[in-house]
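Participant: Would you mind keeping the following structure in view while I ask a few things?
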Amino acid sequence: MSDLSNRGSFATRLGFVMAAAGSAVGLGNIWKFPYITGEYGGGAFVLVYLLCIALVGLPLMYAELIIGRRGGKDILSSLLALTKDSGPLGTAASWVIGGMAVASGFLILSFYSVVAGWALSFFAAYAGLLPLQGGEQMFNALVSSKTSIPWHTVFMLLSVGVVTLGVHKGIETACKILMPALFVILVILLGYVAVEGGLAESARFLFAPDFHKLTGEAVLEALGHAFFTLSLGMGAMVTYGSYLPDEGAVVRDGVVVALLDTVIALMAGLVIFAVVFSHGGTPGAGPGLVFVSLPSLFATMPGGQLFGLAFFALLVFAAWSSAISLLEVVVAFLVDKVGMDRRVAALGAGLAIWALGLLSATDIDWLGRFDDLTTNYMLPLGGLGIALAAGWLVSKTDREAGFRVLGPLGEPLAAAWTFTIRFVTPLLVGLVILSKIGVFSAEEPPAPPAEVDEASPVDTDEDP
Ligand code: PHE
C-alpha cells in the first residue's frame, strides 16, 4: 500500500469500498429512488432500473475504476494519460469527457447540498433544536424563503472539512464511520416497520411488476437514475479508483459497491412505502415524498419523533458521503491537473459551489433545472464518452488490467466486458440520449389540437 506520490490513497480495501459505497449511496437512494418509483408505479419500474444497473451500471463502474487506477490521477489527467496512443482523437475526447465530468461535479453538488441542507434542518427539528412543525409547513418554509441558505452553508462546510483532510484521513475515515452507521439505522427502521405493519404491502408495491404502468419515459428515467445512483458518468469512480493501491480487487469491489447501493435503495424504499401505506399516504407524492408526506406520517406513528430523527440522520449521512465524492472530483482535478494545494482547492471549489448553490437554495426551479441538466443529459453523455473511451481508446493492457488478476476466469470475463463496453453500453445509452432530445418522437406527426377530444366519449362523467 505504498503512497509514492503525495496525492494520497486509501489505506485499506475496506476503506475504499466504504468510500465508493458512500459515494453511491446518497440522496439518490433515499430521497429520489423512492419518489420516482412511486411516481412511475412501482414494481415494473424497479425491474427496469435493476436491468439498467446490471447492463449499463456494472460495466461502466469497472470502466471508471480501471481508468482511475491505471491513469492514477483525476479524470482528465487519467484519460489524457491512457489515451496518449490514440493521438489527437484521444486528447480531444479526454478534454471533452474530463471537462464535462468536472463541470458535472460542480453543478450536481451545488443543488445536492441544498437538498442535503433540507435534510439537516429536518434532523435539527427532530433533535429538538428547532420547533418541529408539520412536514408541509417546514418544507414550504425551506423552499419559499431564504431559510435553506444556512443549512446549505453548514452542509458545504461539512463536506469541505472532510475533503480538506485528504483521502485517507478525511474521506476514508468519514465513510468508515458513516456507512456502517447508515446501515444500522436502516436495519432498525426496517425492523420497526416489520413490527408496525405495512411491510408486506410495501414489498408488493416494489417487487410485483405491473407492466401496464411502464412508459417509455419511465425507462429513460430508470437509466438516468442508474447513472446518478451509482455516481457514474462524471468521474467520481475514476477519482476514487485513482487512490487504489493496485488493480487486485477492482472487479469484485465494483460489484460489491453496486450491490450495496441497490440493496440500500430497496431497503429505503421498503421502509418509506411501508410508512406510506400503513398511514394513509400516497406513493406518487413526488419530490416532497420524503420531506412533506413522511413527516406528517411520522407525527401519527408511535415513537414517530425518534423514527424521524433516525430517518433524517440516515439521509444526512448518505448525502454527506456522496457530497464528499462530488467535491473530490473537482478537487482532484485542481490538485493533479492545475497543481493546487489540496486545502486551497477544497476551500476555493467549495466556496464557488456554495455560491452557485444559492440559486437552488432560493429558487426551487433552478434546483429542478440543474438536476434535469446533469442527471438526464450530462451524466448519460459522460457515461457514453467514458464507455467509448474505455472500449476504443484505452490500450488492451490498461483496460483489461482488472480482469488479468482473476486467473482463468479473467479472460472470458474480459472478453464479455469489452464487447459490452464497446457496443452494448454505448448503444443503450445512445438510444436513451437520442430519445431524450426527441429524435424519435420527431417522426410522429404532431397531434392536431382537434384530436384532444379523443377521450370525449368517456369524458361524460363530469356532466351533472
Ligand atoms: N450517487 C449519489 C446518490 O445516489 C449521487 C452522486 C452522483 C454522487 C454522482 C457522486 C457522483 O445520491
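The values are calculated or read from the model by the stated rules, or taken from the named source; none is laboratory data. All of these numbers come straight from a predicted model, not from anything done at the bench. FYI the Cβ positions are ideal-geometry reconstructions off the backbone, even for glycines, and counts take in every protein chain you see. We work out accessible area using only protein heavy atoms, side chains counted, and drop any ligands, DNA or RNA first. Shrake-Rupley method; radii C 1.70, N 1.55, O 1.52, S 1.80 Å.
Participant: Here are some residues: Leu89, Leu120, Leu158, Leu80. Which one is part of a helix (DSSP H, G or I), open to solvent by less than 30 Å² (accessible area, probe 1.4 Å) and not acidic (Asp, Glu)?
Facilitator: Testing whether each residue is part of a helix (DSSP H, G or I), open to solvent by less than 30 Å² (accessible area, probe 1.4 Å) and not acidic (Asp, Glu) leaves just Leu120.
Participant: Residues that are among the small types (Gly, Ala, Ser) and over 23 Å from Gly224 (Cβ atoms), at least 3 per element: which helices (runs of 4 or more DSSP H) completely within the range 345-444 meet that?
Facilitator: 410-419
Participant: For residues in the range 321-339 being in contact with a Ser or Thr (Cβ under 7 Å, 6 or more places away or on another chain) and away from the ligand (no atom under 11 Å from the Cβ), which is least open to solvent (accessible area, probe 1.4 Å)? Break it down into steps so the answer makes sense when it comes.
Facilitator: The first filter runs over the range 321-339 and keeps only residues in contact with a Ser or Thr (Cβ under 7 Å, 6 or more places away or on another chain), leaving 321-325, 327-329, 332, 336-337.
If we keep only those that are away from the ligand (no atom under 11 Å from the Cβ) as well, we get 332, 336-337.
Working: Ala332: 1, Asp336: 34, Lys337: 83 Å².
My answer is Ala332.
Participant: Then there is this: Pick from the range 161-217 the residues that are open to solvent by less than 70 Å² (accessible area, probe 1.4 Å) and acidic (Asp, Glu): which of them is farthest from the chain's Cα centre (by Cα)?
Facilitator: Here the residue is Asp210.
Participant: Moving on. In the range 103-117, how many are closer than 14 Å to Phe317 by Cα, more than 8 Å from the ligand (Cβ to nearest atom) and not polar (S, T, N, Q)?
Facilitator: Selection size over the range 103-117: 3.
Participant: Right, another one. Gly304 versus (1) touching a residue at least 12 places away in the same chain (Cβ under 8 Å); (2) under 21 Å from Tyr192 (Cβ atoms): which is the lone unmet condition?
Facilitator: (1)
Participant: Quick one: in the range 77-98, of everything that is in contact (Cβ under 8 Å) with a residue 40 or more places away in the chain and among the hydroxyl-bearing types (Ser, Thr, Tyr), which residue is farthest from Met234 (Cα to Cα)?
Facilitator: Selected residue: Ser86.
Participant: Would you call Ser231 touching a residue at least 40 places away in the same chain (Cβ under 8 Å), within 16 Å of the ligand (Cβ to nearest atom) and small (Gly, Ala, Ser)?
Facilitator: Against the criterion (touching a residue at least 40 places away in the same chain (Cβ under 8 Å), within 16 Å of the ligand (Cβ to nearest atom) and small (Gly, Ala, Ser)), Ser231 qualifies.
Participant: May I pose another question? Exactly one condition in (1) within 16 Å of the ligand (Cβ to nearest atom); (2) out of contact with any Ser or Thr (no Cβ under 7 Å at 6 or more places or on another chain); (3) modelled with pLDDT of 95 or more; (4) among the small types (Gly, Ala, Ser) is false for Ala203; which is it?
Facilitator: (1)
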